[in-house]
Protein chains: 2
Amino acid sequence: MSEAVAEYISANIKRHIDELVSWLKIPSISTLPQHAGDVREAALWARSKLEDIGFDEVRLIEGQGHPLVYASWQGQEDQPTLLIYGHYDVQPVDPLDEWRSSPFEPRLENEYIYARGATDDKGQVMIVLAALEAWMKAVGTLPINIKVLLEGEEEAGGASVEEYVRGHGGDLEADAALICDTHMNSITQPSIITGLRGILYTEIVVRGAKNDLHSGSYGGVAPNPLHALCLLVARLKGEDGRIHVQGVYDSPTDVSEEEMVFWKGHRQELEERLLAEMEVSQLVGENDLPVQERLGVRPTLEVHGIRGGFTGEGAKTVIAAEALAKISMRLPAAMAPESIFPAFAEAVRQNIPMGYDVDIVKLHGGKGLFVSPENEYVQAAAAAIVNTYGVRPVYMREGGSIPIAALFDEVLGMPVVLMGFGLPGDGPHGPNEKFSLMQLEKGIRTVADFFGRLCRG
Amino acid sequence: MSEAVAEYISANIKRHIDELVSWLKIPSISTLPQHAGDVREAALWARSKLEDIGFDEVRLIEGQGHPLVYASWQGQEDQPTLLIYGHYDVQPVDPLDEWRSSPFEPRLENEYIYARGATDDKGQVMIVLAALEAWMKAVGTLPINIKVLLEGEEEAGGASVEEYVRGHGGDLEADAALICDTHMNSITQPSIITGLRGILYTEIVVRGAKNDLHSGSYGGVAPNPLHALCLLVARLKGEDGRIHVQGVYDSPTDVSEEEMVFWKGHRQELEERLLAEMEVSQLVGENDLPVQERLGVRPTLEVHGIRGGFTGEGAKTVIAAEALAKISMRLPAAMAPESIFPAFAEAVRQNIPMGYDVDIVKLHGGKGLFVSPENEYVQAAAAAIVNTYGVRPVYMREGGSIPIAALFDEVLGMPVVLMGFGLPGDGPHGPNEKFSLMQLEKGIRTVADFFGRLCRG
């Protein structure tokens, strides 16, 4: 990265913070219809900013839902193209009374900016925009070709972006993708995410008698679907956290020795953080394995909800005719949800007690992702991080899914660099969401440097 | 029973049906405030009828809720006193669209009367009223002393009657009680109920993390109270129906050899009826024991409801902070709910997985009841049944609780004769509730005969 770019970043950081503040003031909550106009305003803000930076082509892509913002700059014929993804929509703000200042009146305090969307994801998109601006204004050109795709439905299911990626892959053609929408291990230990778990989400309905029954008259002989469901769930996963679904532990997890060494070394640190965050005295499940492994690559099976019978005030002696459960599995990246679903369904049928009917529906499936740390784009990101932070990044796995990353991998077939600058404790979906101003500046430097490192020859 | 009483019953049966129709027309739904006036009207109807029969003292007992109807006739100084209980309130009528005729426009068809309250309990109280009338009008006196207590809150918790029984036991002093509010084994096999199970009803709340968590970020290490609840329930009762609570099988059940012989002989018949009623292919639980034993005297443990997490449309990857279950146990008559609750609570604490907090609350407890078939009042009832039906009654146990029966036993210390004339299939709480007109007439004859048999010397 040239001296000029670095100086431009230093000289303009205050203005970038001001710009971010103005963007954060727009309450672009994508799930609430009354905020549709605000979501559009946030999209227009981004379009205008991309035009100011100097992109050749900047446009809104209109569809059924909130618009996509698309920008392209193709001024470096022999250089690679990087596709950058981010989102300009935000989560709802409830519980509002837990915010110490209004979520859409950004507050600067103790080197943090507090606002809804600060870390997820406007602050991190600002990093990208400022890095692009720095190159363009300080050097007069970008070192590589860039495409930018910002969506306004990330917090609302992402239907529009998925449709666009599947239908207009050509517009998104690139050599690699960059997503800044995750967090680092800590402020002193930067990290790059190289793996995401996949997910299989199911709904199970267990049926007993034709109608609800009175436990006085039928209790002891009648099928009780809630009891059957409890027996089933207990058989699918024991107290030891082991999942009893055929083949669930058969996929390779691509965990490198380096990752395992880091995980073992930092096990206690993360355990303590999790215990504090959850306010519990112990973790449950496979306590013989490092927490990072369990959160990042081990399959899980979780019951998300159970509904059935009488749960109001007081005592009603009903035996419910049916009971419902929502159960998901998180999957190692190499395991496709379609391939494990039959085994899951078979495990349910095998383990449901005699005398019950059971329906098993797959509600949702999403593949995981694994990018090798050896990949040249990941290596470039790591080198940029070393340059800014003075520390080698560690490679981490993310337990949740980032559907867009899996989509880029699956549909566009490109390596995805997940380099985020959030920090643990930023509270992306909760009250008092915040983003570190130091991370904002370091992020801009790192991303600008990353661009430069992708320039060949 | 004198010829005169029998003739009076035959001569007046049509009028008694007309009277029952007029009473059934009053929609005395005790749980719905908008029907409070109707409930009162049904009470006044009963008061008026008791006055017409010729009781010395007839009055409404007013309290917080619906009134009690009390009547007393003490014209036989040297004879025993029988306390007769019934209720004049009825269940709500939903689902209304499943009724083939309006629930409060009684319909006579195929020797049945269809209406809400037909079998539960106005039709059965009509049996008692007609039997009393027959004695009084045909003979000019009752053979024994009689007290009548009718309540209007049986379907709404019975608070008023409980308060009255506990506070005014003297007014209810008697040698025995008769309750006609149950059903017989079949129209050809009359039965008397000699045992009721008790009940212990609890609510359990399992707590994990302080707040709901995202399964992507925490799944695999976070406590999941729904999973813990499933493990707990599976440990409290297995697929084999055995309950794992210390001491639950230690109480004597007072099952006579005669009862066991009947249960074994009629096991298949009842099993087939239950399978048809529930529309299931098999019974669950302790299938090595006769159904009658399992429904009548074996302890049960049933989950009545589970609530927790996300159960709406679609997929939400939440790990709930807490989960709730309603769990009851039905108890052998000799086992007090207060005595088994500590063992139940201990079993919950022992079986909840590590890493969870659990609250266990006793919501409700009710003692069961056992009256020996050798009791002279039960013997008199049996003899009256033989006289009317030409068949010896069998002694049955009722799986549900009849709180008033346990209350008479506990507070008033008198033997309770549970001689009901309903039939399986009458559908007391469902649509198209009905009562057999043949049972109405046979019931009047049986009860009138029973009164005569209690007359000494």
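Look through A:Arg47, A:Arg100, A:Arg15 and report the one residue that is part of a helix (DSSP H, G or I) and surrounded by fewer than 17 Cβ atoms within 10 Å (Cβ to Cβ).
Only one candidate passes the filter, namely A:Arg15.
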> What is the residue count in the stretch B:268-299 for residues that are basic (Lys, Arg) and facing chain A (nearest Cβ under 7 Å)?
Replying inline: 2
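Give me a count of the residues in the stretch B:345-361 that are closer than 21 Å to B:Gly247 by Cα and surrounded by fewer than 16 Cβ atoms within 10 Å (Cβ to Cβ).
4
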>> Filter the stretch A:272-295 down to the residues that are over 18 Å from B:Val205 (Cβ atoms), in contact with a helix residue (DSSP H, G or I) (Cβ under 8 Å, 6 or more places away or on another chain) and either in a loop (DSSP other than H, G, I, E, B) or not charged (D, E, K, R) (or both) and list them by number.
In response: A:Leu274, A:Gln282, A:Leu283, A:Gly285, A:Glu286, A:Pro290, A:Val291, A:Gln292, A:Leu295
> Which members of the stretch B:116-147 meet the condition of being of a type in the set (D, E, K, R) and under 19 Å from B:Pro428 (Cα atoms)?
Replying inline: B:Arg116, B:Asp120, B:Asp121, B:Lys122
> When residues of the stretch A:321-356 are filtered for being in a loop (DSSP other than H, G, I, E, B), more than 29 Å from the chain's Cα centre (by Cα) and more than 7 Å from chain B (Cβ to nearest Cβ), how many remain?
Replying inline: 3
> With A:Val69, A:Val21, A:Val5 as the choices, which residue is buried (at least 16 other Cβ atoms within 10 Å of the Cβ) and either of a type in the set (Ser, Thr, Tyr) or assigned to a strand (DSSP E or B) (or both)?
Replying inline: A:Val69
> When the residues of the stretch B:237-267 are filtered to those that are among the hydrophobic types (A, V, I, L, M, F, W, C) and surrounded by 15 or more Cβ atoms within 10 Å (Cβ to Cβ), which remaining residue is nearest to the other protein chains (Cβ to nearest Cβ)?
Replying inline: B:Ile243
> Residues in the stretch B:114-135: is at least one crowded, with 16+ Cβ neighbours inside 10 Å, more than 17 Å from B:Ile26 (Cβ to Cβ) and among the charged types (D, E, K, R)?
Replying inline: yes
> Regarding B:Gly54, is this residue of a type in the set (Gly, Ala, Ser), surrounded by fewer than 22 Cβ atoms within 10 Å (Cβ to Cβ) and modelled with pLDDT under 95?
Replying inline: no
> Right, A:Val378: over 14 Å from the mean Cα position of the chain (by Cα) and crowded, with 19+ Cβ neighbours inside 10 Å or not?
Replying inline: yes
>> Of everything in the stretch B:48-97, what is touching a His at 6+ places or on another chain (Cβ under 7 Å) and free of Cβ contacts under 8 Å to residues at least 60 places away in the same chain? Give them in sequence order.
In response: none
> So which residues in the stretch A:150-163 are surrounded by fewer than 20 Cβ atoms within 10 Å (Cβ to Cβ) and touching a Leu at 6+ places or on another chain (Cβ under 8 Å)?
Replying inline: A:Glu162
>> Just the residues that are facing chain B (nearest Cβ under 7 Å) and not hydrophobic (A, V, I, L, M, F, W, C), please, taken from the stretch A:300-320.
In response: A:Thr300, A:Glu302, A:His304, A:Gly305, A:Arg307, A:Gly308, A:Gly309, A:Thr311, A:Gly314, A:Lys316, A:Thr317
> Filtering the stretch A:210-228 down to residues that are more than 7 Å from chain B (Cβ to nearest Cβ) and modelled with pLDDT of 95 or more, which residue is nearest to B:Leu275 (Cα to Cα)?
Replying inline: A:Pro225
> Would the stretch B:89-100 turn up any residue that is in contact with a helix residue (DSSP H, G or I) (Cβ under 9 Å, 6 or more places away or on another chain) and over 24 Å from B:Met438 (Cβ atoms)?
Replying inline: yes
> Is it true that B:Arg397 is buried (at least 24 other Cβ atoms within 10 Å of the Cβ) and modelled with pLDDT under 95?
Replying inline: yes
>> Name the residue that is surrounded by the fewest Cβ atoms within 10 Å (Cβ to Cβ), counting only residues in the stretch B:164-177 that are charged (D, E, K, R) and not in a helix (DSSP H, G or I).
In response: B:Glu173
> What is the one condition in (1) hydroxyl-bearing (Ser, Thr, Tyr); (2) within 17 Å of the chain's Cα centre (by Cα); (3) closer than 13 Å to B:Leu412 by Cα that B:Tyr164 does not satisfy?
Replying inline: (2)
> Within the stretch B:284-304, is there a residue that is touching a Leu at 6+ places or on another chain (Cβ under 8 Å), free of Cβ contacts under 8 Å to residues at least 24 places away in the same chain and among the acidic types (Asp, Glu)?
Replying inline: no
>> Being surrounded by 21 or more Cβ atoms within 10 Å (Cβ to Cβ) and either more than 27 Å from the chain's Cα centre (by Cα) or in a loop (DSSP other than H, G, I, E, B) (or both) is the filter here; which residues of the stretch B:296-314 pass it?
In response: B:Val297, B:Arg298, B:Pro299, B:Arg307, B:Gly308, B:Gly309
>> Quick check on my filter: what residues within the stretch A:418-450 are surrounded by fewer than 24 Cβ atoms within 10 Å (Cβ to Cβ), under 30 Å from A:Ile144 (Cα atoms) and in contact with a strand residue (DSSP E or B) (Cβ under 7 Å, 6 or more places away or on another chain)?
In response: A:Leu423, A:Ser436, A:Leu437
> Got a number for residues in the stretch B:181-219 being within 20 Å of B:Ala406 (Cα to Cα), not in a loop (DSSP other than H, G, I, E, B) and not polar (S, T, N, Q)?
Replying inline: 9
> In the set B:Val128, B:Val148, B:Val93, which member is in contact with a strand residue (DSSP E or B) (Cβ under 9 Å, 6 or more places away or on another chain), in the same structural domain as B:His16 (by TED's automatic domain parsing) and at pLDDT below 95?
Replying inline: B:Val93
> Only one of (1) among the acidic types (Asp, Glu); (2) part of a loop (DSSP other than H, G, I, E, B); (3) closer than 18 Å to A:Val221 by Cα is not met by B:Glu269, so which one is it?
Replying inline: (2)
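The values are calculated or read from the model by the stated rules, or taken from the named source; none is laboratory data. Source: prediction; values computed, not measured. Here Cβ is always computed from backbone atoms with ideal geometry, including for glycine, and neighbour counts include all displayed protein chains.
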